[in-house]
1. Explain nothing, just compute: Karplus ³J(HN,Hα) = 6.51 cos²θ - 1.76 cosθ + 1.60, θ = phi - 60°, for every residue of the stretch 48-62 in order, whole Hz, x for Gly and Pro.
2. For the chain, just run the numbers: alpha carbon Rg, then divide by 2.2 N^0.38 Å, N being how many residues it has.
3. Would you mind working out the magnitude of the charge dipole of the stretch 1-54 relative to its Cα centre, with +1 at each Lys and Arg C-beta and -1 at each Asp and Glu C-beta, to the nearest 20 Debye?
4. For the stretch 1-95, what is the Kirkwood hydrodynamic radius in Å, using each pair of distinct C-alpha atoms?
5. Net charge near residue 262: determine it from the other residues with C-beta under 15 Å of the C-beta of residue 262, scoring Lys and Arg +1 and Asp and Glu -1.
6. Check which residues have an amide H placed less than 5 Å from residue 162's amide H, if you skip close sequence neighbours.
7. Please work out whether the stretch 105-200 counts as rounded, prolate or oblate from its C-alpha gyration tensor, where a ≥ b ≥ c are the square roots of the eigenvalues and a/c under 1.5 means rounded, while otherwise a/b larger than b/c means prolate and anything else oblate?
8. Taking 22 Å as R0, compute the FRET efficiency from the Cβ-Cβ separation of residue 97 and residue 52 and round it to 0.05.
Amino acid sequence: MAGKRLRPPGPIGPPVIGVGLKISKDTTGFLTRTAKEFQDLSYFKVLNINIYYLSKPEYVQHVLQVNNKNYHKGVKYKFLKLFLGQGLLTSEGEFWLQQRRLAQPAFHKHKIASFAETMTSDTNDMMSDWEIALTDGNKEVDMHHEMMALTLRIVGKTLLSKDLKTSTEDVESSLGYLIGNIYERVHSIFDIPLWVPTRRNIGFNKARKVLDGVIYKIIDERFAGADKGEDLLSMLMAAEDEDTGEKMSKEQLRDEVMTIFVAGHETTANALTWTLYLLSTHSYVLEKLRQELSEVLQGRTPTLEDSRS
């Protein structure tokens with residue numbers, strides 16, 4: 001007689017849906033309460049998906065670093081591959097290791113440091129625009145829209161050496177549609193293949209085509225020698241496998257650029273937006289931050305070195 005599988009303790013929900021409703025209503029609150037009640041390791045179920053929730057840093061390190069070969073990315077990652085392709089975020093195994101070796105030199109600290117000036121310069125430009133808007137009588141600024149536009153400009157310059165300000169609306173709307181579409185697929189019980197001409201699939205393919213057009217055009221220009229650039233793309237193109245001397249193909253470059261594009265744009269903009277919101281609702285923290293900035297910077301523009309102090 002086979003023994004019953006032992007699982008960690010955790011929150012319990014109704015049959016079939018599990019804790020799905022609790023998560024959908026308040027994801028952050030649910031996870032916070034679960035970590036407090038069940039400590040380092042807990043288990044719960046959403047529909048037919050078994051979820052093990054790790055709250056202890058050592059456990060997370062064990063899964064992601066120490067014993068990562070024993071764990072594989074979940075089936076839901078297949079949806080991300082629909083528009084990210086086989087980038088570092090979605091690939092695994094030997095291919096992931098090969099791509100990581102190729103891409104790693106592009107992310108050395110001394111190379112990333114050169115992008116700090118672009119980040120501070122574009123941020124100052126954005127704040128100048130706010131001052132003009134407020135002078136003209138506007139009383140409100142949509143911070144999420146502003147953060148999306150800011151991160152898009154920065155990622156465009158640092159990744160592609162292109163100012164995407166003129167194409168912000170098309171790129172932002174296409175990227176937003178793709179991410180929203182993927183989110184729906186991840187949380188949907190039934191997934192309709194992309195080749196089925198539903199309205200959602202047609203919109204997905206159209207949005208992906210817009211982003212692919214922007215990225216492939218820049219990659220083609222680089223291969224043609226029209227513009228070498230001093231950016232992450234040029235570093236990725238120059239990267240060679242130390243064992244084989246092999247470089248990334250055009251398709252691999254596209255996948256890595258798209259991955260960095262998404263990671264550096266939408267997710268960063270969301271983090272900045274929520275940070276600003278939390279600061280606005282916690283005045284004592286905001287005042288402490290202002291005081292520290294005044295003491296450390298004394299009116300000058302921040303540099304990368306300031307983030308290390």
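1. Taking θ as phi minus 60°, the curve returns 9, 9, 8, 10, 10, 9, 9, 10, 9, x, 5, 5, 4, 4, 4 Hz for the stretch 48-62.
2. Working: Rg = 22.4 Å, N = 309, 2.2 N^0.38 = 19.4 Å.
So the Cα radius of gyration is 1.15 times the expected 2.2 N^0.38 Å.
3. On the way: 8 positive and 3 negative charges, 31 e Å.
With Lys and Arg at +1 and Asp and Glu at -1, about 140 debye.
4. Numbers: mean 1/r = 0.0648 Å⁻¹.
Here the Kirkwood hydrodynamic radius works out to 15.4 Å.
5. On the way: positive: 81, 208, 254; negative: 172, 212, 255, 256, 266.
Its environment carries a net charge of -2.
6. When sequence neighbours closer than 5 places are left aside, the close amide H contacts are 157.
7. Values: a/c = 2.80, a/b = 1.43, b/c = 1.96.
Oblate shape, in that a/c is at least 1.5 and b/c is the bigger or equal ratio.
8. Values: r = 25 Å, r/R0 = 1.12.
The computed FRET efficiency comes out at 0.35.
Each value in this text was obtained by applying a stated rule to the coordinates, not by laboratory testing. Computed from a predicted structure; not experimentally measured. Reconstructed Cβ throughout: ideal geometry from the backbone, glycine too, with neighbour counts over all protein chains shown.
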